[in-house]
Amino acid sequence: MKVAAKRIKRIFLTIVSIAIGIIILVILLISPITKYVIEKYSVKWTGRQIDMDWAYVNPFTGYAHLSNLKIYEANGDSIFISSEGLSVGINLRKLLSKEYEITSVTLDKPRGIAIQNTKSNFNFTDIINHFSSPPDTTQPPKSPAHFSILNIKINHGIFYLRDTASDVYYFIKDFNFEGPGYAWNVDSFPGKVSFAAGIGTGQVNGTININVKNSDYCFSVVVHRLSLAIIDQYLKSITNYGTFSAYLDANIVTKGNFKDAENSDTKGHFSVSDFHFGKSKNEDYLSFDTLSMAIKEVNPKERLYHLGNVALIHPYFKYENYDRLDNIETMFGENGANVKAVNGDNRHFNLIVELANYIEELSQNFFESAYKVDRVAIKSADFRFNDYSTSEKFSIDASPLNITSDSIDKSHENVNILLNSGIKPYGDGYIYASINPRDSGTFKLKYRFEKIPITNFNPYLISYTSYPLDRGTIEFNGEWDVKNGIIQSENHILLIDPRVTKRVKNKATKWVPMWLVMALVRQRSDVVDYQIPITGNLKDPKFHLHDIFFGILKNVFVKPPTTPYRLEVRNLENEIEKSFALKWQMRHSTMTALQEMFVKKIADFMAKDSSEILVVSPQQYELKEKEYILFFEAKKKYYLACHPEKNHDFTERDSLYVDRMSVKDSSFVHYLNKFLPKSPIFTVQDKCSNLISPALIDMRLEQLNKARENVFLSYFKEKGVDNRVKFNSPKNIIPYNGFSYFKIDYKGKIPDYLVQAYKKIDELNNELPREKYEKERDKIKTF
């Protein structure tokens, strides 16, 4: 019995050893066989070559691991996707019942690249086509097999995107995904996903849940300071130049259906911060600190748009007009030609164009829907307009501009909007509007713009008339009541104390006798005051100019008898003004005969009173003076290049010729263009700056200031009182009256003639017709 037991035990151990050996042998053999079979037949099965370092397969547990897996592009020249390891678990028991269940899939440190060749063609399109071939209808249908893939994990992946048409390169890193996977008898496919931006900063975390039966989805996404650098790359396809940068923060929950784009419901909030878009990193055309929006519910299919607070903090926008195009057209092509070309190309994808089209469609739906916005606020905006098409630069700036609105709701009868803004260099603006949200052709409007110096518009006055103004304040105000597009409005324009100065002779300027125009439109009180009603409809407004017409007739027949009165006022104003401020023509240091008379008068007064001290503070319009100097030096360089014999004999006559030369002269501009760098330059000012060094401009400005000081002091030297004239350092300002000037302070007794002039002007201001505009004059400080 003992021998039999030992024999049985020996046989059992032998069988077990053989079984274990067979198992080990199978495991040892099946792993290299698996590697060999996959690499040999991968092209046939998938259309792609697949390689790996080694494979481990356990047929008894259903576990497999592929190490350093590589799947190549269709042409085999580069890697499409790779992974340090792919681990798979298979439920072997369920294979017997025609149910294929992968119990787990883990992908470690995958690296993949998506290459977009056209809008609908990617480097993986062939794979989709390979596995989506239509079923063979000639064969009898087979009973359906059940397929499940569970417990999916992707760890620390890196995925790249390259758009060959738009030259876009982007990637995300540290990509992680974890979810229970897909089961054949369960509709939903949930999971958690996270990744970081590969270019710039940013982190994205979210959850997804997709119904594979009906294509419903639910996404919940949290975005933290995600750099939108990818937009800068798409920008290059539609612009001739420019840079872009911004950051996105969001917390959004969206439900919808993949088969119906409008069938979506979105809630949450998002903000875009540190937004910069412009010519270069140092020059913005559009920027803002933060744009934030609360989304209470947006459902395009239900035409439901309910937004919470919408706030735009410190937006900046600069619009510039050049000789031919503006800064927007130079960037995007004339009339947006670059954008139209890309938008009309159905082969290629551009993220910016697609977003713009989506926003345009969304905005159309917005105004046709039951929309509501709890509150809209634009705070501390800065909107700038520069016009370089005139003979000199015109610039105006609405800052700080604030716009607020109460609840914008289509169910409300009216929506109220309030705009307040400072106007630089001087002025204020106010607009109040009450709009019917159901009918944009029905609204009420009140506006007022005041304390704006007319001298700010001298670039236009010089270009179109040759006559600048050195005094005057303009105001606009009015009220509109529009119902169903029908206009009833009153508009009031008021120009206080305008004064035409010396003509600027330039070959590029047109000539209009502004002194005659002012004589016709300016009233006895030295103001231009007219009402201009507008009626008709919004598409065809009618301007009623009868007040201007009758005002001119009145000035022709009624104003002449008051000429002595107006001359007395004008002389008194000159007496006061020139005793406290000596104005200088741009880039010149000579005085007019009238200015000489007043300076001599002040010198005589000081000679009579030995205790009087005069303090002169130069108020320098440096920005404009430097522009005039820059133009002169650039034109002079061009003139000497054309007349080299003048390099050693540049006369006063030559200087006058150069001064009157137009900066828009085609030959001069052609000369400037020969020296342009590769970077885009569109203005004559910048082209001249490229030719003339800043050091030379500074030196010429210093020489100009010294010459003005010497000319002024020369009249006091004649009386021997120049030692009692003290000069302060120049102060750089933008003067209200548009010219550099010497501010004169009397450190002692005010001259008697000046005291009398003040008394007399006060008397005249309290008489008709000037009394009517006393308040307007009081709030204007010209010096």
Inset, instruction - Mind telling me which of the residues Tyr247, Tyr234 ends up being aromatic (Phe, Trp, Tyr), under 21 Å from Leu291 (Cα atoms) and touching a residue at least 40 places away in the same chain (Cβ under 8 Å)? - result: Tyr247
Legend entry - Condition met for Ala250 (under 26 Å from His348 (Cβ atoms) and under 26 Å from the mean Cα position of the chain (by Cα)): no
Inset, instruction - Look through Thr266, Thr239, Thr254 and report the one residue that is part of a loop (DSSP other than H, G, I, E, B), open to solvent by less than 60 Å² (accessible area, probe 1.4 Å) and not acidic (Asp, Glu). - result: Thr239
Inset, instruction - Could you please find all residues in segment 692-719 being open to solvent by 50 Å² or more (accessible area, probe 1.4 Å) and under 38 Å from the mean Cα position of the chain (by Cα)? - result: Ser693, Pro694, Ala695, Asp698, Met699, Arg700, Glu702
Inset, instruction - For residues that are under 21 Å from Asn123 (Cα atoms) and among the small types (Gly, Ala, Ser), scanning just segment 51-81, find the one that is most open to solvent (accessible area, probe 1.4 Å). - result: Ala74
Legend entry - Which listed residue, of Ile454, Ile493, is surrounded by 15 or more Cβ atoms within 10 Å (Cβ to Cβ), over 16 Å from Gly738 (Cβ atoms) and within 36 Å of the chain's Cα centre (by Cα): Ile493
Legend entry - Those residues of segment 161-174 which are surrounded by 16 or more Cβ atoms within 10 Å (Cβ to Cβ) and either outside any loop (DSSP other than H, G, I, E, B) or at pLDDT 90 or above (or both), in sequence order: Leu161, Arg162, Asp163, Val168, Tyr170, Phe171, Ile172
Legend entry - Residues satisfying the stated conditions in segment 95-112, i.e. more than 21 Å from Lys153 (Cβ to Cβ) and either among the hydroxyl-bearing types (Ser, Thr, Tyr) or surrounded by 15 or more Cβ atoms within 10 Å (Cβ to Cβ) (or both): Ser97, Glu99
Legend entry - Failed item in (1) within 20 Å of Val204 (Cα to Cα); (2) not in a strand (DSSP E or B), with Asp249 passing the rest: (2)
Inset, instruction - Give Asp439, Asp382 a once-over and let me know the one that is within 23 Å of the chain's Cα centre (by Cα) and either at pLDDT below 95 or surrounded by 18 or more Cβ atoms within 10 Å (Cβ to Cβ) (or both). - result: Asp382
Inset, instruction - Would you mind stating whether Asn416 is touching a Ser or Thr at 6+ places or on another chain (Cβ under 7 Å), modelled with pLDDT of 90 or more, part of a strand (DSSP E or B) and crowded, with 18+ Cβ neighbours inside 10 Å? - result: no
Legend entry - Given (1) open to solvent by less than 20 Å² (accessible area, probe 1.4 Å); (2) of a type outside the set (Lys, Arg); (3) within 24 Å of Asp470 (Cβ to Cβ); (4) out of contact with any Asp or Glu (no Cβ under 9 Å at 6 or more places or on another chain), index of the condition Ala603 fails: (4)
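Let's see how each residue does on (1) surrounded by 20 or more Cβ atoms within 10 Å (Cβ to Cβ); (2) of a type outside the set (A, V, I, L, M); (3) part of a helix (DSSP H, G or I):
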position: Ser611; (1), (2), (3): no, yes, no
position: Leu630; (1), (2), (3): yes, no, yes
position: Glu633; (1), (2), (3): no, yes, yes
position: Lys636; (1), (2), (3): no, yes, yes
Legend entry - Residue pairs meeting the criteria (Cβ under 7 Å; at least 6 apart or on separate chains; first touching a residue at least 40 places away in the same chain (Cβ under 8 Å), in segment 318-339; second small (Gly, Ala, Ser) and buried (at least 16 other Cβ atoms within 10 Å of the Cβ)): Asn321/Ser389; Tyr322/Ser389; Asp323/Ser389; Met331/Gly242
Legend entry - Number of the condition not met by Ala593 [criteria: (1) of a type in the set (Gly, Ala, Ser); (2) in contact with a Cys (Cβ under 7 Å, 6 or more places away or on another chain); (3) open to solvent by 20 Å² or more (accessible area, probe 1.4 Å)]: (2)
Inset, instruction - Take Asp526 and decide whether it is crowded, with 20+ Cβ neighbours inside 10 Å and at pLDDT below 85. - result: yes
Legend entry - Among the candidates Leu304, Leu286, residue that is open to solvent by 50 Å² or more (accessible area, probe 1.4 Å) and either under 25 Å from Pro400 (Cβ atoms) or of a type in the set (Ser, Thr, Tyr) (or both): Leu286
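The values are calculated or read from the model by the stated rules, or taken from the named source; none is laboratory data. Every value quoted in this text rests on a predicted model; they were computed, and no experiment measured them. Every residue, glycine among them, receives a Cβ derived from its backbone with ideal geometry; neighbour counts consider all protein chains shown. The protein model used for the area step is the full one, side chains on, heavy atoms only, and it has no ligands, DNA or RNA in it. Shrake-Rupley method; radii C 1.70, N 1.55, O 1.52, S 1.80 Å.
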